[in-house]
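Values in this text are rule-based calculations from the coordinates and carry no lab data. None of these values were measured; they are calculated from a predicted model. Backbone-built Cβ (ideal geometry, glycine too); neighbour counts: all protein chains shown.
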Amino acid sequence: VHDAILDSSMAMTNAIAQLIRAATASQQEIVAQGRGSSTKAAFYKKNNRWTDGLISAAKAVAVATNNLVETADGVIKGTRSLEHLVVAAREVSAATVQLVAASRVKSQLYSKTQERLELAAKAVTEASAHLVRATQRLSEKEEESRQAEDFDKMSNLEFKSKEMDQQVMILKLEKDLVGARRRLAEMRRHGYHAEEEDGSF
């Protein structure tokens with residue numbers, strides 16, 4: 001990982017570790033309070049959908065976090081774009097919300113354990129935003145430095161040609177953006193339809 005984002009990445013990793021510990025404690029409390037005289041195995045079997053959801057959410061947080069750190073490093077190296085980073089950060093936030101929601105389903109009202117989980121989730125979201133900002137600042141500085149060097153070496157004709165190229169690129173990106181939004185909307189509609197069909201069995 002690039003040195004400039006190492007601190008932010010470490011803060012992100014620590015926040016995730018706190019979140020997983022808080023989620024584990026919340027799960028243990030829920031099982032202890034909900035199983036009554038039955039065994040843990042019996043509780044998990046009876047509540048298998050909730051258990052699967054909690055495990056899936058925890059795995060999603062871990063995967064999303066690794067992807068965010070790798071993407072941030074890629075932005076600095078020029079192999080990924082800032083847009084990739086924003087999407088990766090959103091995935092972390094979404095996975096965190098999913099984990100909290102999965103735990104909240106069976107948590108006791110005013111549970112201190114659940115409250116700690118909520119605070120840990122907030123810390124993850126804040127750390128994710130900080131990592132994005134730190135990467136963006138560094139990326140902008142390096143881009144400004146590269147552009148300043150390139151512009152100084154250009155003749156007037158080359159500069160005008162590059163300017164026109166940028167205008168053409170903007171028009172193409174705007175067209176691609178419209179198409180991408182349309183495809184995303186179609187994918188989401190298909191996803192909702194598939195979920196409804198799965199739920200009908």
- Specify the residue with the greatest mean-square fluctuation among LYS106, LYS153, LYS40, computed from a Gaussian network of the chain linking alpha-carbon atoms under 10 Å apart. LYS153
- Query: GNM, the chain, Cα, under 10 Å: largest mean-square fluctuation among SER26, SER155, SER128?
  - Reply: SER155
- Query: What number in nm² do you get for region 23-126 if you take the convex hull of its Cα atoms and divide its surface by four?
  - Reply: 6.9
- Message: Restricting to Cα pairs below 8 Å that are 6+ residues apart, what does the relative contact order work out to for the chain? Please round to a whole percent.
- Response: 29
- Note on the structure: For region 1-109, whose charge dipole is built from +1 on Lys and Arg Cβ atoms and -1 on Asp and Glu Cβ atoms, the candidate among VAL97, PHE43, ALA60 with its Cα farthest towards the positive end is PHE43
- Item | Stokes-Einstein translational diffusion, region 22-70 - Kirkwood Rh over all Cα pairs, 1.306 mPa s, 10 °C, in µm²/s | 132
- For the chain, the count of lysine pairs 8 or more apart or interchain whose alpha-carbon atoms are under 17 Å apart comes to 7
- Message: Of the candidates ALA120, ALA42, ALA185, which one comes out as most mobile in a Gaussian network treatment of the chain with C-alpha springs shorter than 10 Å?
- Response: ALA185
- Task: Would you mind listing how long the chain runs along its three principal axes, going by Cα atoms, in whole Å with the largest first?
- Result: 83, 42, 24
